[in-house]
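*Asks:* One structure coming up, written as structure tokens, with questions to follow.
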Amino acid sequence: MPSLQPLEQLVKALSRLPTVGRRSAERMAHKIMEQRDSILPGLILALTEARNRLTFCSRCGSMTLTERNPCAICQDDQRDAVICVVEDAAAVIAIEQAGGYRGRYHVLGGRLSPMAGTGPGELRVRALRERLVSEQVREVCIALNTDVESDATAHYLAGELAGLDVRITRLAFGLPAGSGIEFTDALTLSRAIRARAPLDE
Ligand SMILES: [Zn+2]
């Protein structure tokens, strides 16, 4: 049987997505082709629209419409003079959807990772420093993940911003809502104890 080069190309493209291995990519490719009349037109349209109409904000790095750059959050004068530093644009959407935060954002675009070859030069730190001055920011809240590389990145950032007239905070660590203490991992529990707060907060 001659090789089906377009199929192989589709499988390869799909397998580049996160959490999709070769096997899943093959299943997806076959599904797409089996139901090509119902799946393909919508998929092609959505991909084309995403390519043409979405981009990343030139100021904060979060995702925005191409015709709205800087993004709506950056252009909102009512936002507090706080910048929440996150690893990627997906974190901005998660925090916005959670509600309760009325500041701005800055996407670092990664975390320090010697294994992946990500050094300080790959992160958008200089742009952050420039924003602190131009936007008269009074607080930077570091909202990175809790793994070792993110911790190292948070410490690096704190060092880079030390000496500037800005308060540096980080997300509090708490227990997952609706979960019991006995089901919480030791690291989360020890951090929650260290970050304990008065009962009336
Ligand atoms: Zn923005």
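The values are calculated or read from the model by the stated rules, or taken from the named source; none is laboratory data. Predicted model, so just to flag it, every value in this text is computed and none were measured. Because the Cβ atoms are built from the backbone with ideal geometry, glycine has one as well, and the counts that use them run over all protein chains shown.
*Asks:* Could you please find all residues in region 131-160 being small (Gly, Ala, Ser) and loosely packed, with under 15 Cβ neighbours inside 10 Å?
*Replies:* Ser134, Ala158, Gly159
*Asks:* Hey, another quick one. Take the residues in region 1-35 that are assigned to a loop (DSSP other than H, G, I, E, B) and among the hydroxyl-bearing types (Ser, Thr, Tyr); name whichever of them is surrounded by the fewest Cβ atoms within 10 Å (Cβ to Cβ). I'd like the intermediate steps shown before the answer.
*Replies:* The first filter runs over region 1-35 and keeps only residues assigned to a loop (DSSP other than H, G, I, E, B), leaving 1-4, 15-21, 35.
From what is left, the residues that are among the hydroxyl-bearing types (Ser, Thr, Tyr) are 3, 15, 19.
Working: Ser3: 7, Ser15: 16, Thr19: 5.
The qualifying residue surrounded by the fewest Cβ atoms within 10 Å (Cβ to Cβ) is Thr19.
*Asks:* Against the conditions (1) within 12 Å of the ligand (Cβ to nearest atom); (2) on the phi < 0 side of the Ramachandran plot, where does Ala46 fall short? Just the number, please.
*Replies:* Failed condition: (1).
*Asks:* Where residues in region 52-66 are surrounded by 12 or more Cβ atoms within 10 Å (Cβ to Cβ) and β-branched (Val, Ile, Thr), which of them is farthest from the ligand (Cβ to nearest atom)?
*Replies:* Thr55
*Asks:* When the residues of region 74-91 are filtered to those that are crowded, with 18+ Cβ neighbours inside 10 Å and within 21 Å of Arg167 (Cα to Cα), which remaining residue is farthest from the ligand (Cβ to nearest atom)?
*Replies:* For region 74-91, the residue satisfying everything is Glu87.
Matching residues to (1) under 28 Å from Arg79 (Cβ atoms); (2) part of a loop (DSSP other than H, G, I, E, B); (3) in contact (Cβ under 8 Å) with a residue 24 or more places away in the chain:
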position: Leu128; (1), (2), (3): yes, no, yes
position: Thr146; (1), (2), (3): yes, yes, yes
position: Leu175; (1), (2), (3): no, yes, no
position: Gly178; (1), (2), (3): no, yes, no
position: Ala197; (1), (2), (3): yes, yes, yes
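*Asks:* Are any residues in region 182-192 assigned to a helix (DSSP H, G or I) and surrounded by 10 or more Cβ atoms within 10 Å (Cβ to Cβ), and if so, which ones?
*Replies:* Result: Leu187, Thr188, Leu189, Ser190, Arg191, Ala192.
*Asks:* Do any strands (runs of 3 or more DSSP E) lying entirely in region 36-99 carry at least 3 residues that are within 20 Å of the chain's Cα centre (by Cα) and under 22 Å from Ala143 (Cα atoms), and which ones are they?
*Replies:* Those strands (runs of 3 or more DSSP E) span 82-86.
*Asks:* If you take the residues of region 100-124 that are part of a strand (DSSP E or B) and within 13 Å of the ligand (Cβ to nearest atom), which of them is surrounded by the fewest Cβ atoms within 10 Å (Cβ to Cβ)?
*Replies:* Checking each candidate, the answer is Arg104.
Rundown of residues vs (1) touching a helix residue (DSSP H, G or I) at 6+ places or on another chain (Cβ under 8 Å); (2) at pLDDT 95 or above; (3) among the basic types (Lys, Arg); (4) away from the ligand (no atom under 13 Å from the Cβ), yes/no style:
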{"residue": "Lys12", "(1), (2), (3), (4)": "yes, yes, yes, yes"}
{"residue": "Ala29", "(1), (2), (3), (4)": "yes, yes, no, yes"}
{"residue": "Ala50", "(1), (2), (3), (4)": "no, yes, no, yes"}
{"residue": "Arg68", "(1), (2), (3), (4)": "no, yes, yes, no"}
{"residue": "Ala72", "(1), (2), (3), (4)": "no, yes, no, no"}
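*Asks:* Something else about it: Go through (1) in contact (Cβ under 8 Å) with a residue 40 or more places away in the chain; (2) within 22 Å of the chain's Cα centre (by Cα); (3) more than 27 Å from Asp80 (Cα to Cα) one by one and return the number of the condition Arg191 breaks.
*Replies:* Checking Arg191 against (1) in contact (Cβ under 8 Å) with a residue 40 or more places away in the chain; (2) within 22 Å of the chain's Cα centre (by Cα); (3) more than 27 Å from Asp80 (Cα to Cα), the one that fails is (2).
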